[in-house]
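Before any comments, here is the structure.
The values are calculated or read from the model by the stated rules, or taken from the named source; none is laboratory data. Keep in mind that this is a model prediction, so the values were computed, not measured. We place every Cβ from the backbone using ideal geometry, glycine too, and count neighbours over all the protein chains shown.
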Amino acid sequence: MNIRKIVSLAAFATLAAFPSTAMANPLPERVKGLAAENIPWRSVGPGGGGWIQSILWSRHAKDRLFVGCDVGGFYVSEDAGRHYEMRNRGLKHMYVETIAEHPSNPDILFLGTLGGIYKTTDRGQTWQEKRSGLPPISDSQHTVQISKFVFASGNPNTLYAAVGQPRTRKGARGEIWRSDDCGETWRMVVKSGLAKDVDIYDLAVAADDAKRMLAATNKGLFRSDDAGETWTPSNDGLPSHLRTRHLAWSPSDPKIVYVTLMQIGGEKTWSAGVYRSDDGGRTWQARNNGLKQVAGKPGSGNNLCTWTDCIAVDPRNPDVVWTGGATWWCTGVYKTTDGGQNWKRAFPDEWPGWLKFWGPTVMCLSLSPIDPSRLAFGTSGMVYTTEDGAVTWAQRYSEERTDGKIVGTGLEVTCLHSVTPSRHRRGKFYLGYYDIGLLTTDDNGRTLTRSMSGVPGKFSNSCFCVAEAPDDPMTVWAGFGSWGGGGSGCVAKSTDGGKTWSPCTNAASGWIDTQVRDLTVLGSKPNYHLLYASPKGLIESVDGGATWACVDPAEFPEAPRVRVLAHGGGRLYAGVAGAKDGRGAIYCARDSGRAGARPSQVWRRLTPASLSIGQIKDVAVEGDRILVTARNEYRDRTFRAGGAWLSTDAGATWRKVFSDKFCDAALISGGELFVSLTDHPYHDHCVGGGVIHSRDDGATWTHLDGPGLQNWNVSALAIDPFDRKSLWVGTGGNSVFVGHLNR
């Protein structure tokens, strides 16, 4: 039985409230009609683990560090990265591509996101979207993907915002916007020279002339001498492919500029690296001695070759420059002290921190304007800093302990598949993550352990689901695999409470190689009955995972794509992505109650064909109550609605209790309903809707809010079986939040 869906009730502990300094913002747009139920929340997670997209040392405080992430929003550290505070209240898009700090007011910051521009006047405690003059908000695409902010030299109220997408290289619009009132209103500044297929990756202004600007794009470098109105190519000396990436214009000598270029694997010759201009960006010379120069094999893309991307120049000395390796074959940072004539790798081969299973490719980099011996850079999971010019380095995303436990420090940048509390052991939780696999906690989230020993490497990307044996606290099964393409996966068994694992995937077992989406365990020793949901159907084992078989299609004819499972009231439930009629559906079979036995009757469909349910996301059961969540789906020119549906009579009748495009996780506890609201991150406003709560079978709903909840894309819900007031919320970007319910 999966305790994530079936909840027992008890009481044990209370939760610490989030600091009261963080003020609440208005509710997400999708739940504005609901009353807010404010509760205290605390953050749980290992630290790091997700894409660090932007980083910036403050120009106003030596130890202040800002970090932006691709799904985790914005963070502030006041102690040089040793601890962080999430500050996402008011953001409507959590992908932070660039951060800008006001030149004279330390409380004013700007975030450039895939969904537009945000401004704060209280150092991130609250954010306001600034759309005046920008294109209308779209519900189907990104309208202004901001790649870089830059202030005009000598005028702190004039700010430029470039439009582009350096990571995906799919944001081409040829647009640069300008504000003359500190970001309150915007106007398009480009009049000529930048075509609509120009994707702007970086923008820079000369320190001595506010009218002189350079733009690095997918079509090469462009120069403007009239504050961005007209642009001309400025590529003399650069490779003919013109794949320019990032700029570093020297503040101490405006004649000197550096630019990086990208390599594509398989080209005959290597033609990337760093180029320098000594005439303000008019002509360029290669400065690559000491950088790795590997062209890569044909078809290998831009990861299996070498190039550097991010770059920063010392504000005191134009010859001291840092650049970051951007690929798997070129990691860490490089430093030159002679203007690029010679580069040396300035990062150790053995890097600190608990994230050891992928390398430190540099996604963002910042040199402190107050103390240029301080450098910080972010990777696809980690933050590192040096405070002595690269003599020593420290990881700044997690606390390292001698006992091997992991403790987050506030920089939580991970996404959850599942949250599974132990039914046997107080304080024990299994947390299934994207990209980092399974983490466990024995102390209610205060410390974590990565629990992947024995899981084959090809399945180690994600943990989708965990299920304990009903009668043995040390016997556990889990589904592992890749959340991306391929669809391969495995079920593994642990007999030591999740410390080590043995795959149930040998060829003689009849294992069906497919992604394991959900898992339920029934029966008792020695022959547990396991069922798992997969894109290839419902797969089962009646001998604890020793052998496997697909449920007979004659019993389950309309269910090729099973997404979720639940168990309660002596019955099994399966949520199907699309039955023969194309709608999502719920199926039911009675549990025999005997160890090693299959269900005593064939599966039957509970939801009628007339019920237009979209893609099933979750099903929760308590007694005769069944709660189903789904998201909008359009297939075969037929629309199926998202939302939440409830049956209070074991599936005999159904009613829709909430309408929303993206209802995700479902939970029933003590007769109360909980539903999470997520979203696709492909349009301007996509922060989800958090968690909604009903005490009257869906007749009315409240929105569970509170300053401590910093992410509203909630993908997993669970109640602590030893404390029914403790709600665990797994998010798509900020790990886990634990809320203390008003019960």
Q: Looking only at the range 407-415, decide whether some residue is modelled with pLDDT of 95 or more and over 30 Å from GLY484 (Cβ atoms).
A: no
(Q) Between GLY154, GLY183, GLY133, GLY171, which is over 30 Å from ALA326 (Cα atoms), modelled with pLDDT under 95 and not aromatic (Phe, Trp, Tyr)? (A) GLY154
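Condition check ((1) more than 18 Å from PHE429 (Cα to Cα); (2) crowded, with 20+ Cβ neighbours inside 10 Å; (3) modelled with pLDDT under 90) across all residues:
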| site | (1), (2), (3) |
| --- | --- |
| LYS5 | no, yes, yes |
| THR14 | no, no, yes |
| MET23 | yes, no, yes |
| PRO26 | yes, no, yes |
| LYS32 | yes, no, yes |
| GLY49 | yes, yes, no |
| SER54 | yes, yes, no |
| ARG64 | yes, yes, no |
(Q) Exactly one condition in (1) surrounded by fewer than 24 Cβ atoms within 10 Å (Cβ to Cβ); (2) at positive phi is false for GLN395; which is it? (A) (2)
Q: Go over the candidates ARG598, ARG590 one by one and state the one that is at pLDDT below 70, among the basic types (Lys, Arg) and farther than 13 Å from LYS617 by Cβ.
A: ARG598
Q: Could you pull out every one of the strands (runs of 3 or more DSSP E) wholly within the range 508-549 that has 2 or more residues that are touching a Cys at 6+ places or on another chain (Cβ under 6 Å) and free of Cβ contacts under 8 Å to residues at least 40 places away in the same chain?
A: 537-541
Q) Which residue, of THR361, THR306, THR323, is in a strand (DSSP E or B) and buried (at least 17 other Cβ atoms within 10 Å of the Cβ)? A) THR323
Q. Can you name every residue in the range 134-156 that is of a type outside the set (Gly, Ala, Ser) and either under 15 Å from GLN53 (Cβ atoms) or in contact with a His (Cβ under 9 Å, 6 or more places away or on another chain) (or both)?
A. ILE137, ASP139, GLN141, HIS142, THR143, GLN145, ILE146, LYS148, PHE149, PHE151, PRO156
Q: Name the one entry in HIS102, HIS93 that is touching a residue at least 12 places away in the same chain (Cβ under 8 Å) and within 27 Å of the chain's Cα centre (by Cα).
A: HIS93
(Q) What are the pairs with Cβ atoms under 7 angstrom where one residue, in the range 149-164, is in contact (Cβ under 8 Å) with a residue 40 or more places away in the chain and the other, located anywhere, is basic (Lys, Arg) and surrounded by 20 or more Cβ atoms within 10 Å (Cβ to Cβ)? Sequence gap at least six, or different chains. (A) ALA162/LYS148
Q.
Return the residues of the range 24-48 that are touching a strand residue (DSSP E or B) at 6+ places or on another chain (Cβ under 7 Å) and either of a type in the set (Asp, Glu) or not in a strand (DSSP E or B) (or both); say none if nothing qualifies.
A. ALA24, LEU27, PRO28, ARG30, VAL31, LEU34, GLU37, ILE39, PRO40, GLY45, PRO46, GLY47
Q | Complete set of residues in the range 280-300 that are of a type outside the set (S, T, N, Q), assigned to a loop (DSSP other than H, G, I, E, B) and in contact with a strand residue (DSSP E or B) (Cβ under 9 Å, 6 or more places away or on another chain) | A | GLY280, GLY281, ARG282, TRP284, ARG287, GLY290, LEU291, LYS292, VAL294, GLY296
(Q) Residue under question is GLY432, and the condition is that it be surrounded by fewer than 24 Cβ atoms within 10 Å (Cβ to Cβ) and under 21 Å from the mean Cα position of the chain (by Cα); does it hold? (A) no
Q | Residue satisfying all of: in the range 491-517; of a type in the set (D, E, K, R) and under 13 Å from GLY479 (Cα atoms); modelled with the lowest pLDDT among these | A | ASP513
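Matching residues to (1) free of Cβ contacts under 8 Å to residues at least 24 places away in the same chain; (2) within 28 Å of SER368 (Cα to Cα); (3) in contact with a Pro (Cβ under 7 Å, 6 or more places away or on another chain):
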site	(1), (2), (3)
GLY280	no, yes, yes
VAL294	no, no, no
SER300	no, no, no
TRP307	no, yes, no
ALA312	no, yes, no
Q) Any idea which of GLY497, GLY486 is on the phi > 0 side of the Ramachandran plot, under 22 Å from the mean Cα position of the chain (by Cα) and not in a strand (DSSP E or B)? A) GLY486
Q: Check whether at least one residue in the range 330-349 is more than 21 Å from SER54 (Cβ to Cβ), modelled with pLDDT under 95, within 26 Å of the chain's Cα centre (by Cα) and part of a loop (DSSP other than H, G, I, E, B), and report yes or no.
A: no
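Would it be correct to say that THR331 is within 23 Å of SER460 (Cβ to Cβ), in contact with a strand residue (DSSP E or B) (Cβ under 7 Å, 6 or more places away or on another chain) and either crowded, with 24+ Cβ neighbours inside 10 Å or hydroxyl-bearing (Ser, Thr, Tyr) (or both)?
Answer is yes for this residue.
Within the range 254-280, how many residues turn out to be among the polar types (S, T, N, Q) and more than 30 Å from the chain's Cα centre (by Cα)?
3
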Q) Can VAL407 be described as of a type outside the set (Asp, Glu), over 21 Å from THR500 (Cβ atoms) and crowded, with 23+ Cβ neighbours inside 10 Å? A) no
